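Okay, so here's the structure we're looking at.
Read-outs throughout are calculated quantities, based only on the coordinates presented, and are distinct from any laboratory measurement. Owing to the predicted nature of the structure, the values given are computational and were not obtained by experimental measurement. Note that we place each Cβ from the backbone using ideal geometry, even for glycine, and neighbour counts take in every protein chain shown.
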Amino acid sequence: MIVDPFEFLVTEDLTKKSREELESMFLEREDGRILFLGRIPVASLYATFLAGIYAELTKIVGKAAKGLILTASRNGGYRAGSAIRRRYQKKFGDLTRDKAFQIAKNMITVWDKCFGWGKFEFELCSDKIVVKVTGSFEAVGYTKLKKGKSDTPICWMLLGYVWGLLEGLLDCRLNGEEKKCLARGDEFCLFEYGIGD
Ligand SMILES: [Zn+2]
């Protein structure tokens, strides 16, 4: 029997699965293309690539660069999260907060293990969601490109994508901030997403 990969994403805990298991569940390769969930084209890039884009964008628009990248990434995450939520509700009914949170962890586990985004650990507290990232590829890319430390946290894409993904799945607005960053000299990156006003 062929199982729809969406079922794996929303019914299992994928955080302990190996890269091989996840790739066989979620990725299809054909003619050099990689499709996620059977239909979404994905690709890997040099870790330094985003840092290079941010540097050029910052030259042109200054500090607005962060807002632009963050908004685009948050929108991308939101589209993914809300699409999963709607599909889940259509098929299984009510999506609880715990289940939505598990699905977000599952999604990020695939990006982590199959595409090297970094090692993510999630903690759901009463008033916030805390996400610890070890070896963020954005921070590693920055450090490689700049050969030095940043004054401020720079994982704009990861912060934004996880932010939007959580908002789309939980169907609520969150306040996100990167509190620690490997590129700034911290031991790891730390994202906090406040729940409520
Ligand atoms: Zn960072």
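Going from the residue with the fewest nearby Cβ atoms within 10 Å to the one with the most, 181, 189 rank 181, 189. Taking the Cα centre of the stretch 83-172 as reference, the dipole from Cβ charges on Lys and Arg (+1) and Asp and Glu (-1) amounts to some 340 debye. As a proxy for reagent exposure, 107, 157, 25 were ordered by neighbouring Cβ count within 10 angstrom, fewest first; the result is 25, 157, 107. Put in order of Cβ neighbour count within 10 Å, fewest first, the listed residues 128, 113 become 128, 113.
Scanning the chain for GluC sites (Glu not before Pro) in DSSP loops with at most 16 neighbouring Cβ atoms within 10 Å leaves 13-186 as the longest stretch between them. Ranking 55, 135, 174 by Cα position along the charge dipole of the stretch 46-195, where only Lys, Arg, Asp and Glu carry charges on their C-beta atoms, puts 55 farthest toward the positive end. Taking only the C-alpha atoms of the stretch 85-179, the Rg (one decimal) and the largest Cα-Cα distance, Dmax (whole number), read 14.9, 50 Å. With 21 Å as the limit on Cα-Cα distance, the pairs of 99/179; 66/144; 16/180; 66/180; 119/144; 132/179 that go past it are 99/179; 16/180. Short-range pairs are left out: with C-alpha atoms under 8 Å and at least six residues apart, the relative contact order of the stretch 46-195 is 33 percent. The aspartates and glutamates within cross-link reach of residue 147, meaning a Cα-to-Cα straight distance under 15 Å and a gap of 8 or more places when in the same chain, are 138. Restricting the calculation to alpha carbons of the chain gives Rg and Dmax of 16.8, 54 angstrom. Just the projected area, averaged over all directions, of the convex hull on the alpha carbon atoms of the stretch 52-133: how many nm²? For the stretch 52-133, the mean projected area of the Cα convex hull comes to 7.0 nm².
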